[in-house]
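No value in this document is a laboratory result; all are computed from the given coordinates. These numbers were taken from a predicted model, which means no experiment stands behind them. Backbone-built Cβ (ideal geometry, glycine too); neighbour counts: all protein chains shown.
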4 protein chains.
Amino acid sequence: MTEISIGSTLEYDVRTTTIFLFKIAAGWTPHQRVHNEQLTFDPLLDVEACQVGAEGNRLHRVVVEPCQLSIQYQAQVELTPDIDSPNTVGESRPADMPPEVLTYMNPSRYCESDLLGRFAFEEFGNLPRGFSRVQAICDWVYKQLDYTPGSTNATTTAADVLLQRTGVCRDYAHLAITLCRGVGIPARYVSGYAVNLQPPDYHGFVEAFLDGQWYLFDPTRLASTTGLVRIGVGRDAADVAFSTLTGSAVLKQKNVWANFADTHPNANHASAVSIS
Amino acid sequence: MTEISIGSTLEYDVRTTTIFLFKIAAGWTPHQRVHNEQLTFDPLLDVEACQVGAEGNRLHRVVVEPCQLSIQYQAQVELTPDIDSPNTVGESRPADMPPEVLTYMNPSRYCESDLLGRFAFEEFGNLPRGFSRVQAICDWVYKQLDYTPGSTNATTTAADVLLQRTGVCRDYAHLAITLCRGVGIPARYVSGYAVNLQPPDYHGFVEAFLDGQWYLFDPTRLASTTGLVRIGVGRDAADVAFSTLTGSAVLKQKNVWANFADTHPNANHASAVSIS
Amino acid sequence: MTEISIGSTLEYDVRTTTIFLFKIAAGWTPHQRVHNEQLTFDPLLDVEACQVGAEGNRLHRVVVEPCQLSIQYQAQVELTPDIDSPNTVGESRPADMPPEVLTYMNPSRYCESDLLGRFAFEEFGNLPRGFSRVQAICDWVYKQLDYTPGSTNATTTAADVLLQRTGVCRDYAHLAITLCRGVGIPARYVSGYAVNLQPPDYHGFVEAFLDGQWYLFDPTRLASTTGLVRIGVGRDAADVAFSTLTGSAVLKQKNVWANFADTHPNANHASAVSIS
Amino acid sequence: MTEISIGSTLEYDVRTTTIFLFKIAAGWTPHQRVHNEQLTFDPLLDVEACQVGAEGNRLHRVVVEPCQLSIQYQAQVELTPDIDSPNTVGESRPADMPPEVLTYMNPSRYCESDLLGRFAFEEFGNLPRGFSRVQAICDWVYKQLDYTPGSTNATTTAADVLLQRTGVCRDYAHLAITLCRGVGIPARYVSGYAVNLQPPDYHGFVEAFLDGQWYLFDPTRLASTTGLVRIGVGRDAADVAFSTLTGSAVLKQKNVWANFADTHPNANHASAVSIS
């Protein structure tokens, strides 16, 4: 069991009546429990909380009149991950995958697995199947790319990233997801909090479906998979932006943190970790 | 109430052990009931039927050894659509949309509404809100494009289509969906059967979310919205391919039909029709 | 006859031995004469001046050791443009065009006239042929796009611009060129100086080949075609970057100016102007 | 000295008055002489022959009324290539390259060296400079791609090819050219005839500028560089299409051949060959 304190604050200059969707609260899964959660809006607002879809992504919707808006979120998260030895984790056969997982084999906006299928297959098609194959994909992505803030934008796709060889966490995740799908492994994007992330920010990482469950991977190597807290999952970053707005507002400040509470767990990079 | 007889036959030359996912059976919705349904595989196979996700898309999964595979599907579909007068149908405000609808505002693989948002907004942002705005988008798509079989392929996106000005039903739908999302109207892709479609084939069309429900649109004008039967819905064609396969098999033949049973309904092109 | 004073200063922080190619000097054409030209480098350097290709673009090449590099260029330019009445200027037939002009019908890096040929033809294919058709294309580009500094970068193409609807002078020019080529009119990119450009900078505009000569167009409407001085021409901006460098150097400052000497000419926006 | 017999026949169904530009005649260079050349059109037509640009590409232009058009071309070509030992051929420094060569460092329509610059540099930036580096690029392209007729079309670019991993001679050449430019080596597209090409067709290959001259490379490995005859050169295939037409005509048949006359030369794959 691991305890992680997480939180973030956001400040907006809201210029017209604006509808915000926030995805900043830690998700609820059998392996991730959330305690002492506080979400406060200043000024006080009528916030609608909901949980959406099969994945249960949490969402906070709010209508805001022109003002200086502050949002504060914090929580204690208790993780009881399934931790397995990587070499015991194989791949699921398409004939055995739960139907709701199959959608994560389809191409999506930023993960054009249809375009990169042959590429993926030629690079990774002949590797031994299982956790190690996804790890090999993530290692390859790590080696191919240079982590370069500002080198990509909100419309950058996995194919773009493969060509230009630079990106940030979102791009690393998109490329790894695309290559997984390309060899027939369901994969999805996870937004979340990461302990000790430098520079501090929300993080984007990867879940791949292996042996009947979703395992965590971080191709940026910026965080240990034992220190990742899930906000939400989706096909790619389009689905789990921390904030989506209709109206006019400017983000003035963003602070994000995540720390191990009390005692550090034995962060073991070599483990297969599942919290979904 | 409308009755439509639908059916399709597929023949494959299966060369290695292959896993097929078929999405050819009519969906179950409050407005679409399915009777006398028959799905037969020759040779006889162990078929797994499932229903997936919030949208309840039906799926048939089967593992096939090398053989000549024939699939026959037929059913009677009873439609009791909500039919409204177009000028009474307004738009939903983002603050009021059911959360599960919001995902259909996100860009997807073939509908890059992030790239085309400004384009959509400049062309259609100032039109009166409601059914007529989606109709205006569909009319524009119809006028911009030439229906040209063979001019696009499985990787063609809405942006490609807007530039090249040709496409088939799938492309018309993708472009209309993208422009709807671009002005803030949730929209999704529907695969289905269409009465009197020429040439006969599975069809691809559009649902836009207006006034709290999903209304049908066909920007190709190849079919009346009162003669459309839904197989499944998704973000775009990536989600509802009639067949997805892992292995090696070649489609040798495909026949698709859809006819009004007994009596023709008064197909009124000017109606707002909802079957979801 | 028009006299224009032009000039620019550039300052670089040169970090390693760097080879620079500068394209900042006014070109020599029968209609554009250059007087009192000064190009000075500080520190003093061995500068190689050359004139390249059929178009005679001028180029200054220099090898620079690490230093603070200042370049100053200034000149008096005497323009004796061919000025015609637009409605007397027709199009050239492909059978009659000089062979060296034909290359400006080919697609180029930022002007994908192959992709946009159908688009161009459907929008502009039926307009009366001649100067007015190119003017119609430039007017359309002007209306479609919003001039938005920072909205594009060095890899943005005409197709990108058409979709995103924003750009700067370079993008306006690329889109107009592409659409001209798409309807069979040779068109090329001109880099140059523009009188009274706001904000001051090098400018990018268009030449279209009509009735046997190259006429100037500026789809941004930021400058009168009677106040344009040509540096060089190319297929698109790739060919006439003001500076190309191999090595490592950072541009610290850039100042550009262009003014009518003595007397203002009667800048008549409605004229067909040729200086090539 | 090598003698090669070349020829091609083309048949068109010309439906409206059509202007053709043909680029099918062997080019004239100091190392490539053309004898006994015959170019015949049936029906008899007034053919305009020209030679264009610094590269002297030959062009035949003809205006054709509706008819069945046959073109026959044949010639004897005498090659006296410069043949060097690869390991004596180094790279030219940008400071020393003839100015007219610099244009072949720029990105072009199908060779987006700006997009792939970083990719090229990371893969090939640290290799020893010289002929062997271009050879390494061509070897890499050969290994990455599968030669698959029909997998690409007239709008496919080097970036597309790198992602999809299939292509034909044109695509192999584009990718190799792009990677050369990406590491600072001028490179261009050559259209031509190739002895013993299977299946017989016009061929597309590469020239890279090394040590002051243009050397031949064929990344498809379908032909020996000692059996290549140049028609024309350009930035990419956009510049040297064998036929460009304005009007309406359908190519009904195409035959192309190239054979060593008399005696086979010692085709030595390991030589550095220049015919420009």
Reduced Cα scattering model of the range C:83-240, Debye log10 I(q)/I(0), q = 0.11, 0.15, 0.20 Å⁻¹: -0.37, -0.71, -1.33
Semi-axes in Å, largest first, for the range C:105-190 (Cα gyration tensor, √(5λ)) are 20, 14, 11
Helix D:169-182 versus the longest principal axis of chain D: what angle, 0 to 90°, nearest 10, using Cα atoms? 40 degrees
Name the chain D residue with the Cβ nearest the axis that maps D onto B: which is it, and what is the distance in angstrom? D:ASN153, 5
For label points placed 7 Å from Cα toward Cβ, what is the shortest-first list of nm distances from C:ARG93 to its copies? 5.4, 6.4, 7.0
Please report the antiparallel percentage of DSSP beta bridges with both residues in chain D, rounded to the nearest 5. 95 percent
Across 10 Å bins from 0, what is the distribution of all Cα-Cα pair distances for the range A:14-130, in whole percents? 10, 25, 27, 23, 13, 3
Could you tell me whether the range B:203-276 comes out rounded, prolate or oblate from its Cα gyration tensor? Rule is a ≥ b ≥ c as square roots of the eigenvalues, rounded for a/c under 1.5, then prolate if a/b exceeds b/c, otherwise oblate. oblate
If you place +1 on the Cβ of every Lys and Arg and -1 on the Cβ of every Asp and Glu, how big does the dipole about the Cα centre of the range B:86-240 come out, in debye to the nearest 20? 80 debye
Assign unit charges at the C-beta atoms only (+1 for Lys and Arg, -1 for Asp and Glu), then state the dipole size of the range C:48-116 relative to its Cα centre in Debye, rounded to the nearest 20. 220 debye
Any idea what the relative contact order of the range C:1-82 is, in percent, if you count C-alpha pairs under 8 Å spaced at least 6 apart? 53 percent
Cβ under 13 Å from C:SER8's Cβ, C:SER8 left aside: what net charge do those residues give with Lys, Arg +1 and Asp, Glu -1? -1
Show which lysines lie in cross-link reach of B:LYS254 when reach means a straight Cα distance below 22 angstrom and same-chain residues fewer than eight apart are skipped. B:LYS23
Tell me, what is the FRET efficiency for B:THR155 and C:GLN76 to the nearest 0.05, using R0 = 41 angstrom and their Cβ-Cβ distance as r? 0.15
Computed E for B:ASP13/A:SER85 - FRET, C-beta separation, R0 41 angstrom, nearest 0.05: 0.45
Determine which aspartates and glutamates satisfy two conditions relative to D:LYS252: a Cα distance under 17 Å, and not lying fewer than 8 residues away in the same chain. D:GLU11, D:ASP13, D:ASP42, D:GLU65, D:ASP201
The protein assembly as shown: C-alpha pair distances exceeding 62 Å, %: 12 percent
At 7 Å along the Cα-to-beta-carbon direction for both A:TYR147 and A:ARG221, put a label point, then send me their distance in nm to one decimal. 1.0 nm
Can you compute 3J(HN,Hα) from phi for each residue in the range A:193-199, using the Karplus curve 6.51 cos²θ - 1.76 cosθ + 1.60 with θ = phi - 60°, rounded to whole Hz and x for Gly and Pro? 10, 10, 4, 6, 5, 10, x
How high is the FRET efficiency between C:CYS50 and D:SER132 when r is their beta carbon distance and R₀ equals 30 Å, given to the nearest 0.05? 0.50
Where the label is 7 Å out from Cα toward Cβ, how close does D:LYS143 come to the same position in every other copy, in nm, shortest first? 1.2, 5.6, 5.6
What whole-number volume per residue, in cubic angstrom, does the convex hull of the C-alpha atoms of chain D give? 120 Å³
One decimal, nm, nearest first: from A:ALA261 to the same residue in each other copy, label points 7 Å out along Cα→Cβ, the values are 6.0, 7.9, 9.0
